Every structure is written in structure tokens, then in C-alpha cells.
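A.B. asks: Sharing a structure below in C-alpha cells format, with a few things to ask.
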Amino acid sequence: MKIISPVARALLATTACLSAALPLSAFAGPEEQAAQMHSRLTGVKPSIEVLTAMAQDIASGDAGAAAERAMENDAFYDVTLKNLVTPWTNRDGDNFAPLNDYTATVIGMVRDDVDFRQILSGDILYTGASGLGLPAYNNANNDHYEALEAAGYPLQTALERRTQSSVTGLPSEATAGVMTTRGGAKAFFYAGTNRAMFRFTLMNHLCRDLEQVHDTSRPPDRIRQDVSRSPGGDSRVFQNNCVGCHSGMDPMAQAFAYYNFEYDVDNDPTGENGRLDYNGAGDIDPATGSRVQAKNHINSATFPYGFVIPDDKWDNYWREGPNMHLGWSEVLPGSGNGAKSMGEELANSEAFAQCQVTKVFKQVCLRAPEDSSDRNRIDSITDSFTSNGYRLKQVYAETAAYCAGE
């Protein structure tokens, strides 16, 4: 048996530690990087042919092309994208929720390289392709998408682009991307006062919850009647806490004044057979005497002198104060009517673009950004995303190239 001296043993141990600390890319060849890239993007191993082609791309300095090859695999759509999107479709962030029109629409948009900003404003909807033998799309249930998922059709080829207005009957001017899909309405227009739709849109698409945009310096003139001005008998709670969220949220959430999710509270308490309801021009709600849905006037006795919503005009009070750093578009006016224009306001912010890139980074790299190199790369990919048509597949490709071999 060969005897190793203490000094040699220490040197070997040091070398092993240094090797473990170095990134895999320092040792991994094109084949290893291609295999890892494919696994990160799809969750499955590549075929020999695909692996060889990807390795050649990487060896020639075109890791982006290798990523594009990987994303041709059905698993990118059926697994990777579905896992990214599904938690956005429900209040619990459940990754195992059934496929619905919200999820399918986002996946279809990514497949077709649709400008991702339309996720919050487009008259767009993806359904199962005709000829698949699926139940017809129904405004009052999710049978179409559950049948599509149960049949195991690959989403890369099974989805068909349509318009919400032609499928659901919602006026085109009232469509607002995933916010006005049945899945979105069921999750976030369900009961309450429609503030949930604003809050979860902020969380899912700008990566900010209300605590992170808390600002007590905005005027409270648009805070509704259902918010107490002295919770627990202490007005300081309102001034130092409630104002911080409601002063910015309520003027924006007013965009949803004409929407509701209707369902049978007694016999269908979770709204499985509910449907999106929209008060169009000429519709009058008997409880409000206007187009405004009754839910917007509930608990009016809490503070009768609070703001009473008369219409769907919204204003972005966060264009001033600390939240101006969310990067609002200078091209847009910062106010308007209805969910579509409010969705455009959110989707054209710098925070929206950076949020999408950061989420993809975490999913593909299997970690959050850790250092200045990561943050600089996110900034670079965000710039590329906004300069090249807001194509999310490009974000996946650039991120996978950055993390290849880690």
C-alpha cells in the first residue's frame, strides 16, 4: 500500500476543496453543458441526436441556439412553462391546480412569441385545437381544459390562438389578457371587492406584494367606504398602515368596477360553475344605479364619507413618491378607463419586465440571483427582453446559456 505523507494528504484535500468550490463550467465540456441545459429547460434527458446538435452549438459559441433546440421538446411546454404559470392562477399558489384558460393562454403566448405585455391587456385566448374531440369552451366550467389535460395532448401542438371576444362574448375593449379569462376571474374576482385581482396581479407580474409598495405619502381621497378610518378605535392605524396600501391600490383597482364572478353561493360555494360577468354600456346594477357592480359598494356604512366608485376610471398615484422607481412608462398617461388600459400601465413598467426575467432565472438556474454578476446578467437579459418584442422564450434561452454548466 502506498503511503501518503501528511503534507501530500493536505495538498490533496486542499485541491479537492478548491475543485468543489469552482463552478462546473470550469470543467464541463459542451456535452455536459448541453445535457444540463436540456434538463433545466425541460426536466428530461435529450436524445443523442439533440444532445449532439446542442453540444455543437455550444462548442461554436452559440449557446442560445442550443437552448432553442431544447425548447422544441414538448416537456418545455407541458412541464416547465406549466409549472411556472400554474401558481399564478390561484390564490394559494398551488402548483398542481388544473389546467385552465389562464394557464393555456400564457403557454400559447410563449410558444408563439407573442409580446408578453399582452398577458395583461390582450384580446387573446388559447383553447384546445379544433378536431381534438374536446368539449367546447364553456363560460361556466373548466371542462374543456380538464379534458385537454386528461387526454395528454402536448400543449406545444394542441393549443390554438383565438380571441376572448369571439369565444366568451366579452366586448373586445373589456378584455385584459389573463385578468379576464375565466380562470383569472374565478380566482380573483371571486367574492370580495375585486381588490384581490389587483393585488395578485401585482404579485404575479410585478413581483411586488402590497407591503413592498407601501406608501403613506399618497392622498387618501380614493379610499372606499368599506375601509375604517379608525380600526379598533385608533385612527393612527389608518394613517400609518391602511393608507399605505389603499391610497395606491384603490384608485387602480377601480378599473375592475364593472366585473364580477357570478356563482351560486349556496349550491356551488367554490364557484366551479360560475362565470365572469361584465356590465357593458347600458347595463345598470340595481344596487348601485350605475354600471358599477354591487360588490364595489359593500360595507358602505363602515365609513360613509369614503369614496363611492362611480365608474371604472383608474389613476396611478404611484407615479409619484417612492413607487415611481417601479419604472412607469413615460409614453402612457398614467390614467384611463377599464382593465385593459390599467393592464397596459402595469405591463409597460420596468418592474414587470424585470419580474419575468427574475422568475425565469430562479426556475432555470435553480437559485435566486446571488451576486453582482447575476444581477448584471438579469439587467442585461431584461434589456434584451424589452428591446426584442418581449419574447419570453428568448429570456429562457439567454438564462439557460448563462447558467449552463453551473
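A.B. asks: Please find, within region 48-72, the residue that is surrounded by the fewest Cβ atoms within 10 Å (Cβ to Cβ) out of those that are under 18 Å from Thr157 (Cβ atoms) and over 24 Å from the mean Cα position of the chain (by Cα). Before you say what the answer is, go through the steps one by one.
C.D. replies: Of all residues in region 48-72, those under 18 Å from Thr157 (Cβ atoms) come to 50, 68-72.
Remaining after also requiring over 24 Å from the mean Cα position of the chain (by Cα): 50, 69.
Values: Val50: 19, Arg69: 22.
Looking at the filtered set, the residue picked out is Val50.
A.B. asks: Taking the residues in region 272-292 that are in contact with a Phe, Trp or Tyr (Cβ under 6 Å, 6 or more places away or on another chain) and part of a loop (DSSP other than H, G, I, E, B) as candidates, determine which candidate is surrounded by the most Cβ atoms within 10 Å (Cβ to Cβ).
C.D. replies: Applying the filter and picking the extreme gives Gly274.
A.B. asks: Go through (1) over 21 Å from His38 (Cα atoms); (2) in contact with a helix residue (DSSP H, G or I) (Cβ under 6 Å, 6 or more places away or on another chain); (3) open to solvent by 10 Å² or more (accessible area, probe 1.4 Å) one by one and return the number of the condition Tyr402 breaks.
C.D. replies: That leaves (1) as the condition not met.
A.B. asks: Now, a different point. Go through region 127-185 and give me each residue that's charged (D, E, K, R) and closer than 26 Å to Met197 by Cβ.
C.D. replies: Asp143, Glu146, Glu149, Arg161, Arg162, Glu173, Arg182
A.B. asks: Please state which one of Asn260, Asn323 is surrounded by 18 or more Cβ atoms within 10 Å (Cβ to Cβ) and not in a helix (DSSP H, G or I). Steps first, answer last, please.
C.D. replies: Details: Asn323 fails: not in a helix (DSSP H, G or I).
Going through Asn260, Asn323 in turn, the sole match is Asn260.
A.B. asks: Considering only residues that are in contact (Cβ under 8 Å) with a residue 40 or more places away in the chain, surrounded by 22 or more Cβ atoms within 10 Å (Cβ to Cβ) and closer than 19 Å to Ser300 by Cα, which ones fall in region 228-248?
C.D. replies: At the first step, the residues of region 228-248 found to be in contact (Cβ under 8 Å) with a residue 40 or more places away in the chain are 228-229, 247-248.
Those left that are additionally surrounded by 22 or more Cβ atoms within 10 Å (Cβ to Cβ): 247-248.
Selection gives Ser247 alone.
A.B. asks: Which ones in region 73-123 are closer than 15 Å to Ala158 by Cα, part of a helix (DSSP H, G or I) and over 13 Å from the mean Cα position of the chain (by Cα)?
C.D. replies: Narrowing region 73-123 to residues closer than 15 Å to Ala158 by Cα: 73-79, 81-82, 99-101, 103-112.
From what is left, the residues that are part of a helix (DSSP H, G or I) are 74-79, 81-82, 101, 103-111.
Within region 73-123, Asp74, Ala75, Phe76, Tyr77, Asp78, Val79, Asp101, Gly108, Arg111 meet the criteria.
A.B. asks: Cβ-Cβ below 6 Å, separation at least six or inter-chain, first residue in region 360-373 and in a loop (DSSP other than H, G, I, E, B), second surrounded by 10 or more Cβ atoms within 10 Å (Cβ to Cβ) and not β-branched (Val, Ile, Thr): which pairs?
C.D. replies: Qualifying pairs under 6 Å: Ala368/Lys362; Pro369/Arg375.
A.B. asks: In the list Ser335, Ser341, which residue meets the criterion of being closer than 30 Å to Leu99 by Cα and touching a strand residue (DSSP E or B) at 6+ places or on another chain (Cβ under 9 Å)? Working first, answer last.
C.D. replies: On the way: Ser335 fails: closer than 30 Å to Leu99 by Cα.
Going through Ser335, Ser341 in turn, just one is closer than 30 Å to Leu99 by Cα and touching a strand residue (DSSP E or B) at 6+ places or on another chain (Cβ under 9 Å): Ser341.
A.B. asks: Taking the stated definitions as given, is Asp221 assigned to a loop (DSSP other than H, G, I, E, B), open to solvent by 10 Å² or more (accessible area, probe 1.4 Å) and more than 30 Å from Asp264 (Cβ to Cβ)? Steps first, answer last, please.
C.D. replies: On the way: assigned to a loop (DSSP other than H, G, I, E, B): yes; open to solvent by 10 Å² or more (accessible area, probe 1.4 Å): yes; more than 30 Å from Asp264 (Cβ to Cβ): yes.
Judged against the criteria, Asp221 is a match.
A.B. asks: Now a separate question. Do we find a residue being assigned to a helix (DSSP H, G or I) and touching a helix residue (DSSP H, G or I) at 6+ places or on another chain (Cβ under 9 Å) anywhere in region 297-309? First the steps, then the outcome.
C.D. replies: First, the residues of region 297-309 that are assigned to a helix (DSSP H, G or I): 297, 300-302.
When the remaining residues are screened for being touching a helix residue (DSSP H, G or I) at 6+ places or on another chain (Cβ under 9 Å), the result is none.
No, every residue in region 297-309 fails to be assigned to a helix (DSSP H, G or I) and touching a helix residue (DSSP H, G or I) at 6+ places or on another chain (Cβ under 9 Å).
A.B. asks: Now a separate question. What's the number of the condition Val357 fails, among (1) without any contact (Cβ under 8 Å) to a residue 60 or more places away in the chain; (2) in contact with a Leu (Cβ under 7 Å, 6 or more places away or on another chain)?
C.D. replies: The number of the failed condition is (2).
A.B. asks: For Ala28, work out the one condition from (1) modelled with pLDDT under 95; (2) in contact with an Asp or Glu (Cβ under 8 Å, 6 or more places away or on another chain) it doesn't fulfil.
C.D. replies: (2)
A.B. asks: Being loosely packed, with under 15 Cβ neighbours inside 10 Å and without any contact (Cβ under 8 Å) to a residue 24 or more places away in the chain is the filter here; which residues of region 306-319 pass it?
C.D. replies: Once the filter is applied, which keeps residues that are loosely packed, with under 15 Cβ neighbours inside 10 Å and without any contact (Cβ under 8 Å) to a residue 24 or more places away in the chain, region 306-319 yields only Pro310.
A.B. asks: Contact list please: Cβ distance under 7 Å, first residue in region 206-227 and closer than 30 Å to Ala353 by Cβ, second residue polar (S, T, N, Q) and in a loop (DSSP other than H, G, I, E, B), pairs at least six apart or on different chains.
C.D. replies: Here the result reads Leu206/Ser349, each pair linking region 206-227 to a residue that is polar (S, T, N, Q) and in a loop (DSSP other than H, G, I, E, B).
A.B. asks: Right, Ser130: farther than 30 Å from Val395 by Cα and in contact (Cβ under 8 Å) with a residue 24 or more places away in the chain or not?
C.D. replies: Taking the combined requirement at face value, the residue satisfies it.
A.B. asks: Now a separate question. What residue, of Ser329, Ser341, is farther than 25 Å from Ala34 by Cβ and touching a residue at least 40 places away in the same chain (Cβ under 8 Å)?
C.D. replies: On the way: Ser329 fails: touching a residue at least 40 places away in the same chain (Cβ under 8 Å).
So the residue among Ser329, Ser341 that is farther than 25 Å from Ala34 by Cβ and touching a residue at least 40 places away in the same chain (Cβ under 8 Å) is Ser341.
A.B. asks: Just the residues that are under 30 Å from Ser341 (Cα atoms) and surrounded by fewer than 15 Cβ atoms within 10 Å (Cβ to Cβ), please, taken from region 141-166.
C.D. replies: Thr163, Ser166
A.B. asks: Something else now. In region 378-392, how many are surrounded by fewer than 19 Cβ atoms within 10 Å (Cβ to Cβ) and either part of a loop (DSSP other than H, G, I, E, B) or among the basic types (Lys, Arg) (or both)?
C.D. replies: Summing the residues that are surrounded by fewer than 19 Cβ atoms within 10 Å (Cβ to Cβ) and either part of a loop (DSSP other than H, G, I, E, B) or among the basic types (Lys, Arg) (or both) in region 378-392 gives 3.
The values are calculated or read from the model by the stated rules, or taken from the named source; none is laboratory data. Since we're looking at a predicted model, the values are computed, not measured. Here the Cβ is made from the backbone with ideal geometry for all residues, glycine too, and neighbour counts use every protein chain on show. For accessibility, only protein heavy atoms count, side chains too; no ligands or nucleic acids. Shrake-Rupley method; radii C 1.70, N 1.55, O 1.52, S 1.80 Å.
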